[in-house]
Amino acid sequence: MKVSVIVEKDKFGYYAYCPELKGCHSQGETFEEVMENIREAIELYLETLSAEEKEVLLSKEVITASVEV
C-alpha cells in the first residue's frame, strides 16, 4: 500500500509526516534517513489500527501542488 508523505527541509535537517495519519511524523539528517524513519513510523502506526480504520484513513486522496505568487 502507498501512503502520502510530505518532506520539509530546513537548516536542522529533514522532517516528514503523513497527512492521512495524524501524528505520524519523523525526522532525519538526510533525505534517505528521514525516508527510512518515516517508513518505520508508518509501519508502527498501521499496526495499531484495525482493518476498518486503515480502509478509512488510507482511502483519502492527498494532492500537492505549487502555486506561483
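Details
- Set of aspartates and glutamates near Lys2 by C-alpha distance (under 14 Å), chain-local residues within fewer than 8 positions excluded: Glu20, Glu40, Glu43, Glu55, Glu61
- Legend: calculated FRET efficiency, Glu52 to Lys9, from the Cβ-Cβ distance at R0 = 25 Å, rounded to 0.05, equals 0.10.
- Helix 31-47 vs. the chain, principal-axis angle (Cα, 0 to 90°, nearest 10): 20 degrees
- Trypsin sites (Lys or Arg not before Pro) within the stretch 1-68, DSSP loop, no more than 16 other Cβ atoms inside 10 Å: Lys2, Lys11, Lys22, Lys60
- With every protein chain in place, the chain: carbon and sulfur % of accessible area (1.4 Å): 50 percent
- For the chain, applying the loop criterion from DSSP together with a ceiling of 13 other beta carbons within 10 Å to the chymotrypsin sites (Phe, Trp or Tyr not before Pro) yields Phe12.
- Heavy-atom accessible area per residue - the chain, 1.4 Å, Å²: 81 Å²
- Equivalent ellipsoid, the chain (semi-axes from 5 times Cα gyration tensor eigenvalues, Å): 23, 17, 8
The values are calculated or read from the model by the stated rules, or taken from the named source; none is laboratory data. Values in this document were obtained by computation on a predicted structure and should not be read as measured data. Counting neighbours? That spans all protein chains shown, and the Cβs are built from the backbone with ideal geometry, glycine included. Surface accessibility is based on the protein's heavy atoms, side chains included, excluding ligands, DNA and RNA. Shrake-Rupley method; radii C 1.70, N 1.55, O 1.52, S 1.80 Å.
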